[in-house]
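The values are calculated or read from the model by the stated rules, or taken from the named source; none is laboratory data. For clarity, every value in this text was computed on a predicted model and none was experimentally measured. Ideal geometry is used to build each Cβ from the backbone, glycine not excepted, and the neighbour counts take in all protein chains shown. These area figures cover heavy atoms from the full protein model, side chains too; ligands, DNA and RNA do not enter into them. Shrake-Rupley method; radii C 1.70, N 1.55, O 1.52, S 1.80 Å.
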Amino acid sequence: MSEQTLVAEDIIKTRFGEAVEADGRKGYEGYLVKREKLVEVATALRDEFGYDYLSSVTAVDYLPEDKIEVVYHLFKSTGGPSLVIKVDAPRENTSVPSLVPVYPGAELQEREAWDLMGVKFEGHPDLRRILMWEGFAGHPLRKDWREAYFEEEGKPFKSRWPDGHVYRIEDKNPFAKNVDYPAGFDPESWVPEGEAALYAGMGAVDVGSNLRTDHVVVNLGPQHPSTHGVFRMVVTLDGETILKLKPVMGYLHRNHEKIGERNTFLQNMPFTDRLDYLSSMSNNFGYALAVEKLMGIKPPERAEYLRVIMAELTRISNHIFAIGMFLNDLGAYFTPALYAIQERELILDIFEAVSGSRMMCNYFRFGGVARDLPEGVLEKIRSLVVDRLPRKVDELDLYLTNNEIIRARGEGVGVLTPEQAIAYSAAGPVLRASGVPYDIRRADPYSIYDRFEFDVAVRYHGDVYDRYLIRMDEMRQSLRILQQAVRDLPEGPIQEGKPQYQVRVPAGESYGRVEGPKGELGYYIVSNGKANPWRYHVRAPSFINLTALETMAVGDKIADAVAILGSIDIVLGETDR
Amino acid sequence: MSNEFNTPGYDIPPEMQGQVAITTLDKIYNWGRRSSIWPMMFGLACCAIEMICTAASRYDFARFGMEVMRPSPRQADLMIVSGTVTKKMIPQIVRLYNQMPEPKYVVAMGACASGGGPFKEGYNVVSGVDNYIPVDVYIPGCPPTPQALLHGLITLQKRIDAQSIKSVRWYQKEGTEVVPVPVLGPDIMDPREYELIRKVAAEKLQKEQAAAETAAAPTA
Amino acid sequence: MDGLGIIKGMGVTLKRFVDTYLEDIRWWGKRYYTREGVELRSSAKTRGIFTVQYPEEKLITPEEFRYIPFLVYEEGPNGEKQDRCTSCGICAKVCPPQCIWIVRTNDPNTGRPIPEPAEFYIDVDICMNCGFCAEYCPFDAIKMDHDYELSVYDRRAKNIYNKERLSKPVSYYASIRPTNYAREEKARAEEAAAKAARKAAR
């Protein structure tokens, strides 16, 4: 433990006394806070200590100890390492005070913890299920909850080898489907709860006018051409003006975390590809960092450079695609997207040559990368980042940036102030477009980003147009990093030690985060020393950025909701996980 | 062009070849349909991105007459189920399928849509969209590359080519069956299976009670 | 609000439009339906028409491309097949979605396992094409295929690939992944030489 953290520990101990206690478990960090003191401690940490940014809220089910622990990761928006606080709660009637009054960014995350882990947050303004539907039986991330196709606690399954007579698991289910019902359940008497709770919250709003108008509730999605997948917005409208907006998600909830806790550590790597499927290399990066932190290893130099090259190429391909799709949302169907996809295809060709797959790269390994660059690929990367992409970014700039329609649709629409952006835990381009120069590559550097010269892109209006501009800026900065990385790429090994499929991960917890193209992508991992993680949680930027969606959209027109959503740039695979 | 239609076995004078074709009504009917399949603009997950790429300039499925992607199911012929089908989403998918007019086709793109894929074991994942709606072509891969998707669409065209106007289901008297929309209960419920659900749940209850009794027996 | 931005933007599209014809003239006859044409359109220099007209022409598959795995067998001089797979089960253990099923062969006399799979299945409705099986196979027996044209009408009958469906000869492997193949063969030859040297020394 360094000098500095020791001092910080003393300060916190003296400030809060009995209310907090340092987490003394081996491999753990942070403080255990008494349940009834949580709000008080959090408020003081925010106001007195500067931990104004709540990055991640999640819960861990410690079944053997018969408790559930809620874990909060706090950061300072001026940069620096994390402060972790934890609250214990019993497994029966689990409840914890809600932190939404202190950190509004906790809203969706607390709903998720309620939905999947069954933690009641006292004082939460709208505690409904978020990823599953109302009425679903049980809280699936509890360790004693089992799905219909449950086979074994951990992989590999014994039925596969050496006596692996193949069958389809549905053939063992009485319904030949992935379903299971409570004992004695009668479908005829089932009254679906439906969405009464949701619509109850969408009712009429007092707009403070003497004119009596009817408000209309409109559903956009889940099948809607502008929602970037299966996302749904429920809006209350006064004429065309948005009075209320609630995001509804979970239509692509693929149970990453439940499956991830059954997988071995390495097996999770290809699953991370499928979180934010537009930027799989960045997802790999965050997960590799989190596990490497636990294992206490570092990749060799060349691998670090390759990682940075791939992550920055991913950022460009993601941003250029985001801009193309954003223009689609504005109605410029489909030419800007075609131009953007063309450049993306060329970047994907590099990924395909290096990793074997266009989208699902699965390229990172603990302590290195899967393979070295094949012959000729470095030249192609060089010709792209030195010559073609700078030209194409300029061309896109000329093509779109000063287009009067884009400016008219974007300027002053969907404004998020810097204070709001921090409070709502917005991350990435959304945060920086609101004038907060917070980039993890600078604020809390990881890998070898401290070696490169680049500027943290920042814009100050916080509107849709600035969120478009910031992606342009970031592509240019990424190109700068890439040019340096390609220039300096050293020779050498690409993997620390021998590649192995069973890694030993010591017990403990770790939170690895990277500046993904969508924002802060974090992985919270708890290991108990076994082959598979005890807890595997993803802090998904697409998901948490949506917390601020209502604030951005209220007061604007319904057509702008589509533009605002496009400017946040969500990917549903990550939002719903 | 006309050579494509010719039914073998008829002698066409050499000077008229390329201008005249002797063909069947089926061939004309199928040619017209397969050359203008309009997919629904409907993406679910990762595969949807590859579907967008297939629509974009490099692969360009406009070459197959498929560029008119309709956001409304009422105007679409083809549903490309592009990605993981979840239990929360399946009621909407069934509803969209029911809203599509005949003739309609379904392509299950990728492992997830075909059989659940890597997420099959998940509690919110439907292991194969064909559990609810009929599927014409399955494309393996995770995700299928755009070229694999094009191959799947060509496979679908071949299937259309083999159909006959006399036997296609949309000209039969009984018409097309409407798929009942699944209900979100404690787990997803198919209305066609209520009887079975009740039976299995009752058996489960009995088993649990018996287990509780045996557990209680030694103490008694 | 003077419309200049829109006009400049249209200039970009116009330039692209003109480029299409200039490129076609410049590469007259070589741009389409040739390998070098496809390469040109996939390079960083590409301008003009970007479309690769599948199925008449196909993108060039990079060597590392992965789709569904396949099993490699050695061909004997008389056409007999010798599986490289020893049914050690590492691929089944490392497979993230657990889609590989292996039945080990047991010697009928001794009951001890012999290094050859009796049955080998991959459920391609589950396979996520991650490539771990090929990466961690110590015998270079399972590799990722380049064939992506696998669409079927009936998944239940066809999409669990058995050993017969999965097996492909070494020559095929060498043809799709020449660099990897050469590297592996070299390593194997070196190992064999080292073994022989050790034996001779003893």
If you build the convex hull over the alpha carbons only and average its shadow over all orientations, what do you get for the stretch C:34-132? Give it in nm² to one decimal. 10.5 nm²
Can you list residues whose amide H is under 5 Å from A:Gly368's amide H, if they're 5+ apart or on another chain and H is modeled 1.01 Å from N? A:Glu496
Whole-percent pair-distance distribution, where bins are 5 Å wide, for the alpha carbons of the stretch C:1-87: 3, 10, 14, 13, 10, 9, 9, 9, 7, 5, 4, 3, 2, 2, 1, 0
Tail beyond 14 Å, pair distance distribution of the stretch C:141-202 (Cα, percent): 71 percent
Calculated FRET value between A:Val191 and A:Glu92, using beta carbons and R₀ = 25 Å, to 0.05: 0.40
Find the Rg to Rh ratio for the stretch A:138-177, where Rh is the Kirkwood radius over alpha-carbon pairs and Rg uses the same atoms. 1.03
Listed by chain and number, the residues whose amide H is under 5 Å from that of A:Tyr31, excluding neighbours fewer than 5 places away on the same chain and using placed H, are A:Asp23, A:Val84, A:Ile85, A:Lys86
In the stretch A:3-122, what is the volume of the convex hull around the alpha carbon atoms, normalised per residue and reported in Å³? 105 Å³
Amide H contacts of B:Val106 (H built 1.01 Å from N, under 5 Å, at least 5 apart or other chain): B:Met79, B:Asp136, B:Val137
Once phi is turned into ³J(HN,Hα) by the Karplus curve 6.51 cos²θ - 1.76 cosθ + 1.60 with θ = phi - 60°, what whole-Hz value does each residue of the stretch B:109-123 show in order, with x for glycine and proline? 8, x, 4, 4, 5, 5, x, x, x, x, 9, 3, 6, x, 6
Neighbour-limited loop hits for GluC sites (Glu not before Pro), the stretch A:1-94 (at most 13 other Cβ within 10 Å; DSSP other than H, G, I, E, B): A:Glu48, A:Glu65, A:Glu92
Could you pull out the GluC sites (Glu not before Pro) across the stretch C:1-78 that fall in loop regions by DSSP (anything but H, G, I, E, B) with no more than 11 other Cβ atoms inside 10 Å? C:Glu56
Rounded to whole Å, give me the distance from the Cα center of the stretch A:49-82 to that of the stretch B:48-79. 44 Å
Accessible area buried between chains B and A, both sides summed, probe 1.4 Å, in Å² to nearest 100: 5700 Å²
Phi angles of the stretch B:124-134, converted by Karplus (6.51 cos²θ - 1.76 cosθ + 1.60, θ = phi - 60°) into ³J(HN,Hα) in whole Hz with x for Gly and Pro, give 10, 10, 8, 7, x, 5, 6, 5, 10, 10, x
Mind jotting down the three principal axis lengths of chain A based on Cα atoms? Whole angstrom, largest first. 71, 65, 61
No solvent, one uniform scatterer per C-alpha: report log10 I(q)/I(0) for the stretch C:51-92 via the Debye equation at q = 0.16, 0.20 1/Å, two decimals. -0.72, -0.82
Against the longest principal axis of chain B, how steep is helix B:90-99, in degrees 0 to 90 to the nearest 10, with axes from Cα atoms? 40 degrees
Rounded if a/c is under 1.5, else prolate if a/b is larger than b/c, else oblate: which is the stretch A:247-347, with a ≥ b ≥ c the root eigenvalues of its Cα gyration tensor? oblate
Inter-label distance for C:Asp2 and B:Glu4, nm, one decimal - labels placed 7 Å from Cα along Cα-to-Cβ: 5.1 nm
Among A:Lys246/B:Lys87; A:Lys76/A:Lys530; A:Lys298/C:Lys45; A:Lys293/A:Lys530, the pairs whose Cα-Cα distance exceeds 28 Å are A:Lys76/A:Lys530; A:Lys298/C:Lys45
Computed over the stretch C:69-201: relative contact order in percent, which uses C-alpha pairs under 8 Å that are six or more apart: 28 percent
Hydropathy first: keep DSSP H helices in chain A averaging at least 0.0 on Kyte-Doolittle, then drop any whose Cα extent along the axis falls short of 18 Å, and list what survives. A:280-295, A:301-330, A:335-355
Shape call for the stretch C:69-201, from the Cα gyration tensor axes a ≥ b ≥ c (a/c under 1.5 means rounded, otherwise prolate when a/b beats b/c, else oblate), comes out prolate
Computed label-point distance, nm, for sites C:Arg112 and B:Arg169 using a 7 Å Cα→Cβ extension: 5.7 nm
For A:Ser280, tell me the accessible area in Å² from a 1.4 Å probe, rounded to the nearest 10. 10 Å²
Value of relative contact order over the stretch A:215-318, rounded to a whole percent, pairs C-alpha under 8 Å and six or more apart: 16 percent
From the cross-link list A:Lys158/B:Lys158; B:Lys88/B:Lys166; B:Lys120/C:Lys158, the entries with a Cα-Cα span beyond 30 Å are A:Lys158/B:Lys158; B:Lys88/B:Lys166
Largest first, how would A:Arg128, B:Arg34 line up by accessible area (1.4 Å probe)? B:Arg34, A:Arg128
Using a Gaussian network for chain B with springs between C-alpha atoms less than 10 Å apart, which of these wobbles most: B:Ala76, B:Ala56, B:Ala148? B:Ala56
In the neighbourhood of C:Asn162 defined by beta carbon distances under 11 Å, the net charge of the other residues (Lys, Arg +1; Asp, Glu -1) is 0
Suppose all protein chains stay in the model; what accessible area per residue would a 1.4 Å probe give for the protein assembly as shown, in Å²? 39 Å²
Theoretical ellipticity at 222 nm over chain B - DSSP helices of four or more residues, -39500 (n - 2.57) apiece, nearest 500: -11000 deg cm²/dmol
Largest first, please: the extent of the C-alpha atoms of the stretch B:1-156 along each principal axis, to the nearest Å. 65, 31, 26
Can you give me the Cα centroid spacing of the stretch A:340-362 and the stretch C:4-81 in angstrom? 14 Å
Pull out a ≥ b ≥ c, the square roots of the eigenvalues of the alpha-carbon gyration tensor of the stretch A:437-503, then state rounded if a/c is under 1.5, prolate if not and a/b is larger than b/c, and oblate in the remaining case. prolate
Quick one: net charge around C:Gly37, please, counting Lys, Arg +1 and Asp, Glu -1 for every other residue with C-beta under 9 Å from its C-beta. +1
Per principal axis, descending, Cα span of the protein assembly as shown in whole Å: 98, 87, 68
